[in-house]
Amino acid sequence: MKLHTTLLAAAIALACGASQAVSLRVANAGDVQSMDPHSLNESLQLSFTGSVYEPLVGRDKKMGLVPMLATKWTQKSPTLWRFELRRNVKFHDGTPFTADDVIFTFKRAAGEGSDMKGYTASFKDTRKIDDYTVEVETSAPNPILPDLLTSLWIMSKKWCEDNKAERPVDRRKGIENVASFKANGTGPYRLKERQPSTRTVLVRNFNYWDKVEGNVDEVVFTPIGNDATRVAALLSGEIDVMEPVPLQDVERVKSSGNFNVLQGPELRTIFLGMDQKRDELLFSNIKGKNPFKDKRVRQAFYQAIDIEAIKSRVMRNASTPTALMIGPGVRSFQADMNKRLPYDPEGAKKLMAEAGYPNGFEVAMNCPNDRYVNDGAICQAVAANLARIGVKINLQAETKVTYFPKILRRDTSFYLLGWTPTTSDAHDTMTNIMATPNDKGQGQFNLGSYSNPKFDELTLKVQSETDDKKRNEMIREAFKIHQDDIGHIPLHQQALAWGLNKKVDVVQLPDNRMFFKWITVKGK
């Protein structure tokens, strides 16, 4: 009888616990590509895996720097930083977190296949002082090093070695390993289930070292690519949170009664890139030369695009046209330089003729259709604009699952991309998107290989300059060079639009990251 009573009590307790568990159902237009935190430098992937893994230095709700796996950091000299690590932290498998994991992570992130090389490009050496102290020596002064580390998730050295995941999953080559489907971080949530392109489930890590402000015990993430289906799932109560809300459905969701649309500015800039390196374009009817090496062609493309029509018709006024590769909210944004070249299709035709293409030419354009707000429609509008100057665009719009590996291999002639500077600083975009690519991670996402030696020189100087006035002057000079060269064609900054049930409280950050530890489901 005593045993029966004990078992009954345990069963009741278990049932009560289960009934009180809070589940959050989240949907996005696309899927998280991999659980490997170093395999793809993309906002959604970093956002999702950022609830499983953690960096040394994090950000608070106002984007300020806060201690995470490092409790303190000090600049011992212009080129030497010391990080004191948090004690009594364990990975999800129970392995203690130590300096060995930090050193291993830095080397992994800098290694072959990593998409995070840009954040370790300035590292000259990393040293373990003791189990809870590491030093990073940089090749030149780097005053924003802590900012760079806010997206570098720390992995377990032992777990990676045991699972033969010492190298990152390489999305460009289609190389997978255990880290793509399993995870072992120190974060507030651990991976329970992973079904790529179908669903991914996280559950609370009840051994987490820090307090969790929210009350979510389980996160069920589902990719729903179709806009109408995603909105219907929200309004029917099948999901609790979705992003993005299609622009045409924002007012409908707002007026539905039980749902909100959380809107705000985003740090991301959407732009077009062109292959400026190859002597002959991979995907064009022009043979023996590359039209994009001619500035007149690049300028013609720029001035043929009716950005105001894209803003009003495609983006429904939920975008801010830009002439710069960074937007307001990013440190060293230059408001007075943010003036686009005028929309001038007739002038664009003349430039094309001067460059030797009076009848235009054909070129393929790569574009995702499930990554950025109305990305496919933007590319269609650009193609229609360019048709007016004789350019025939062979549009290749596809899911980001196939799009990113392709363009990251640089198998592209003309492409659309978006970039959010992780550091919220202009240098991030300069070094990752605009500088000449090299094997150390510089220009890793400059997929068209725009190159200007003076720009590169300024990028390196900006990285190490500690005088704000001098640094800003260098950034202005670099931006002027890039604008004069038409290095890329900036389009706009898009706006955030998250749809959510009114019972859900979330924190929306301008880098479009959603941290589940800050989410509360009311009434639970």
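The values are calculated or read from the model by the stated rules, or taken from the named source; none is laboratory data. Just so it is clear, the structure is predicted and the values come from calculations on it, not from any experiment. Here the Cβ positions follow ideal geometry from the backbone for every residue, glycine too, while neighbour counts run over all protein chains shown. Please note that ligands, DNA and RNA were not included when accessible areas were found on the heavy atoms of the full protein model with its side chains. Shrake-Rupley method; radii C 1.70, N 1.55, O 1.52, S 1.80 Å.
Tally up the residues in region 198-223 that are surrounded by fewer than 18 Cβ atoms within 10 Å (Cβ to Cβ), part of a strand (DSSP E or B) and without any contact (Cβ under 8 Å) to a residue 40 or more places away in the chain, please.
3
If we keep just the residues of region 125-140 that are under 29 Å from the mean Cα position of the chain (by Cα) and exposed (fewer than 15 other Cβ atoms within 10 Å of the Cβ), which is farthest from Glu84 (Cα to Cα)?
This residue is Ala140.
Could you tell me how many of the residues in region 325-345 are surrounded by fewer than 17 Cβ atoms within 10 Å (Cβ to Cβ), of a type in the set (A, V, I, L, M) and closer than 23 Å to His427 by Cβ?
2
Each row is one residue, and each column tells you yes or no for (1) aromatic (Phe, Trp, Tyr); (2) in contact with a helix residue (DSSP H, G or I) (Cβ under 8 Å, 6 or more places away or on another chain); (3) open to solvent by less than 20 Å² (accessible area, probe 1.4 Å); (4) modelled with pLDDT of 95 or more.
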residue: Phe414; (1), (2), (3), (4): yes, yes, yes, yes
residue: Tyr450; (1), (2), (3), (4): yes, yes, yes, yes
residue: Glu457; (1), (2), (3), (4): no, no, no, yes
residue: Met474; (1), (2), (3), (4): no, yes, no, yes
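Answer with yes or no whether Ser51 is in contact with an Asp or Glu (Cβ under 8 Å, 6 or more places away or on another chain), open to solvent by less than 40 Å² (accessible area, probe 1.4 Å), of a type in the set (Gly, Ala, Ser) and in a loop (DSSP other than H, G, I, E, B).
The answer is no for Ser51.
Filter region 154-181 for residues that are open to solvent by 70 Å² or more (accessible area, probe 1.4 Å) and either touching a Pro at 6+ places or on another chain (Cβ under 9 Å) or among the β-branched types (Val, Ile, Thr) (or both) and give the result.
Lys173, Ile175, Phe181
In this structure, is Phe271 in contact with a Pro (Cβ under 6 Å, 6 or more places away or on another chain), at pLDDT 95 or above and outside any loop (DSSP other than H, G, I, E, B)?
Yes.
Among the residues in region 182-197, are any touching a Pro at 6+ places or on another chain (Cβ under 6 Å), in contact (Cβ under 8 Å) with a residue 12 or more places away in the chain and either outside any loop (DSSP other than H, G, I, E, B) or open to solvent by less than 30 Å² (accessible area, probe 1.4 Å) (or both)?
no
Considering only region 387-410, state which residues are crowded, with 16+ Cβ neighbours inside 10 Å, in contact with a helix residue (DSSP H, G or I) (Cβ under 9 Å, 6 or more places away or on another chain) and part of a loop (DSSP other than H, G, I, E, B).
The answer is Ile389, Gly390, Val391.
Go through (1) surrounded by fewer than 18 Cβ atoms within 10 Å (Cβ to Cβ); (2) assigned to a helix (DSSP H, G or I) and name the single condition Arg230 misses.
Against the list (1) surrounded by fewer than 18 Cβ atoms within 10 Å (Cβ to Cβ); (2) assigned to a helix (DSSP H, G or I), Arg230 comes up short only on (1).
With the structure loaded, tell me whether Asp439 is modelled with pLDDT of 95 or more, open to solvent by 10 Å² or more (accessible area, probe 1.4 Å) and within 24 Å of the chain's Cα centre (by Cα) or whether it fails that test.
No.
Quick one: Gly329 ticks every box in (1) of a type in the set (Gly, Ala, Ser); (2) assigned to a loop (DSSP other than H, G, I, E, B); (3) modelled with pLDDT of 95 or more bar one, so which box is it?
Condition (3) is where Gly329 drops out.
Among residues belonging to region 236-268 that are open to solvent by 50 Å² or more (accessible area, probe 1.4 Å) and in a helix (DSSP H, G or I), point out the one that is nearest to Ser34 (Cα to Cα).
Gln248
With (1) open to solvent by 20 Å² or more (accessible area, probe 1.4 Å); (2) more than 18 Å from Met274 (Cα to Cα); (3) in contact with an Asp or Glu (Cβ under 6 Å, 6 or more places away or on another chain) as the list, and Ala377 as the residue in question, which single condition is left unmet?
(3)
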